[in-house]
Amino acid sequence: MTNLFQNSVSQLEKVAELLKLDKKTVKKLITPQRVLSKKITVTMDDGSRKKYDAYRVQFNNARGPFKGGIRFHPQTDLDEIKTLAFLMAIKCAVVDIPMGGAKGGVTINPKKLSIKELENLSRNWVKVFKDYLGPTKDVPAPDVYTTPQIMDWMMDEYSKLVGRHEPAVITGKSLKQGGSQGRDTATAQGAMYVLEEAVKKLKLDPKKAKVAVQGFGNAGYNIAELVYKAGYKIIGLSDSQGGISDLRNSGMDPKKVLKTKKAEGQIHSCYCIGTVCDCVNYKKITNQEILELPTDILIPAALENQITEKNVHKIKTKLILEIANGAIDPSVSEILKRKNIMVIPDILANAGGVTVSCFEWYQNRHKENWSKQKVFKKLKEKMMKSFNHLWLIKDNYKTDLRTAAYILAVGRIIEAMKSKGRI
Ligand code: NAD
């Protein structure tokens with residue numbers, strides 16, 4: 001087993017000891033049901049053809065169809081996708097939605113593609129994995145550098161291949177193509193609901209709390225917007241090209257930062273190539289330094305493995321809202337606990353995205369169209385219920401929220417596997 005994956009399953013192994021699970025059951029829980037690795041060919045605008053590594057890992061479908069995003073990123077690999085698929089299975093069980101875990105990806109820098117090449121890549125991903133996808137088999141969604149437009153192309157390609165309109169095969173689509181109201185901001189909104197609960201538990205004053213957000217994409221930008229609107233002071237923001245900080249503590253307005261980023265960097269196909277660093281009023285910092293700013297709330301919302309043994313001692317915050325999957329290396333959990341830093345783990349913090357994806361899938365299958373109010377009301381209920389459930393388990397077992405989440409999820413997955421006769 002490789003490092004990233006091993007790190008993630010070590011959390012489950014710890015919980016397995018606590019719950020006295022036998023070895024055979026643990027092995028089933030940490031083994032993906034299917035690992036698909038293929039080459040995709042993309043036809044470039046100059047007529048040449050390039051090959052890229054593409055993946056889909058289907059981890060566990062005991063609780064329902066496989067579900068998980070597709071990532072287009074130059075550093076992604078099979079180990080990362082396998083880890084994220086495992087986390088999806090745990091996450092769906094934490095928020096109790098009837099879906100299993102999966103993840104997909106392509107090792108590519110999509111920002112270097114033209115819009116036509118990006119469409120070709122997206123459609124070919126579906127062609128390559130078509131036999132394994134379907135509304136009752138495996139339902140993908142967006143992840144890093146994949147957008148509603150990409151989901152629309154993928155849904156269209158699948159529909160063409162099977163010969164019928166099949167919106168429920170993929171979620172995170174545009175509204176015109178059957179996407180759900182609220183899906184675009186669901187991850188951040190779900191994170192905000194649990195953040196508000198945690199802030200109350202820690203007795204933090206939102207008007208005085210200082211926040212730093214790493215990552216300025218769908219999850220990062222929208223959570224920055226929500227915390228800004230709620231009166232928190234944003235003192236750090238970043239994206240793939242670096243970060244900015246405002247130590248005068250007047251608080252940065254993410255909307256203004258986005259405006260500058262877009263004005264400076266022209267929109268290239270689906271992506272903006274500008275950066276938050278284009279805002280000249282603020283101090284430039286690195287993506288490591290943003291994590292080390294003195295804050296009350298730190299929100300990693302970009303990539304995994306950001307808080308590790310290398311920097312954990314430099315983290316100066318009270319609460320980490322782990323929106324990016326796997327942002328905290330599990331091996332530093334104990335150190336964070338000793339430093340009295342509360343962590344809202346990824347498998348709860350970012351579960352709003354998959355929850356509303358599940359609502360989208362449900363609406364498509366039942367030909368319904370919910371209002372944004374209905375979507376967010378249901379999302380809030382799910383997030384609050386899950387947070388409070390984890391809080392109780394945390395207190396009962398005298399543990400942290402991540403361990404509590406694994407206890408809850410593993411119990412639910414085992415129950416489903418037992419009733420299907422898999423263990
Ligand atoms: P996105 O593509 O919209 O944005 C990614 C952001 O990360 C961009 O701002 C980019 O500049 C930044 N980034 C890329 N490489 C970076 C690096 N090396 N250092 C710092 N920043 C970097 O992606 P997203 O959907 O916002 O996803 C962000 C995280 O949230 C991922 O871990 C993803 O798995 C997780 N997540 C997202 C959703 C969702 O619905 N969007 C749901 C669950 C989890």
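The values are calculated or read from the model by the stated rules, or taken from the named source; none is laboratory data. Everything numeric in this text was worked out from a predicted model, so none of it was measured. Ideal geometry is used to build each Cβ from the backbone, glycine not excepted, and the neighbour counts take in all protein chains shown. In case anyone asks, the SASA skips ligands and DNA or RNA and just uses the protein heavy atoms, side chains included. Shrake-Rupley method; radii C 1.70, N 1.55, O 1.52, S 1.80 Å.
Summary of computed values
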| item | result |
| --- | --- |
| Close pairs (7 angstrom Cβ cut-off, 6 or more residues apart or separate chains): within 8 Å of the ligand (Cβ to nearest atom) in region 65-78, of a type in the set (A, V, I, L, M) anywhere | 69/141; 71/144; 73/144 |
| Criterion: aromatic (Phe, Trp, Tyr), within 15 Å of the ligand (Cβ to nearest atom), more than 20 Å from residue 275 (Cα to Cα) and open to solvent by 20 Å² or more (accessible area, probe 1.4 Å) - qualifying residue of 193, 221 | 193 |
| Residue count for region 91-109, restricted to those that are aliphatic (A, V, I, L, M) and out of contact with any Ser or Thr (no Cβ under 9 Å at 6 or more places or on another chain) | 2 |
| Only listed residue being over 22 Å from residue 323 (Cβ atoms), in a loop (DSSP other than H, G, I, E, B) and more than 15 Å from the ligand (Cβ to nearest atom), chosen from 31, 25, 41 | 31 |
| Pairs, first farther than 19 Å from residue 325 by Cα in region 91-112, second aliphatic (A, V, I, L, M) and outside any loop (DSSP other than H, G, I, E, B), C-beta under 9 Å, six or more apart | 108/40; 108/42; 108/54; 108/121; 110/118; 110/121; 110/150 |
| Helices (runs of 4 or more DSSP H) contained in region 266-383 and holding at least 2 residues within 20 Å of residue 70 (Cα to Cα) and open to solvent by less than 80 Å² (accessible area, probe 1.4 Å) | 346-349, 351-366 |
| So residue 9, is it outside any helix (DSSP H, G or I), closer than 25 Å to residue 358 by Cβ and either of a type outside the set (Gly, Ala, Ser) or touching a helix residue (DSSP H, G or I) at 6+ places or on another chain (Cβ under 9 Å) (or both) | no |
| Residues (part of a helix (DSSP H, G or I) and open to solvent by 30 Å² or more (accessible area, probe 1.4 Å)) located in region 120-155 | 120, 123, 127, 128, 130, 131, 132, 148, 149 |
| Residue among 227, 199 that is assigned by TED's automatic domain parsing to the domain that holds residue 319, within 16 Å of the ligand (Cβ to nearest atom) and assigned to a helix (DSSP H, G or I) | 227 |
| Filter pass, residue 188 being within 12 Å of the ligand (Cβ to nearest atom), out of contact with any strand residue (DSSP E or B) (no Cβ under 9 Å at 6 or more places or on another chain) and closer than 15 Å to residue 297 by Cβ | yes |
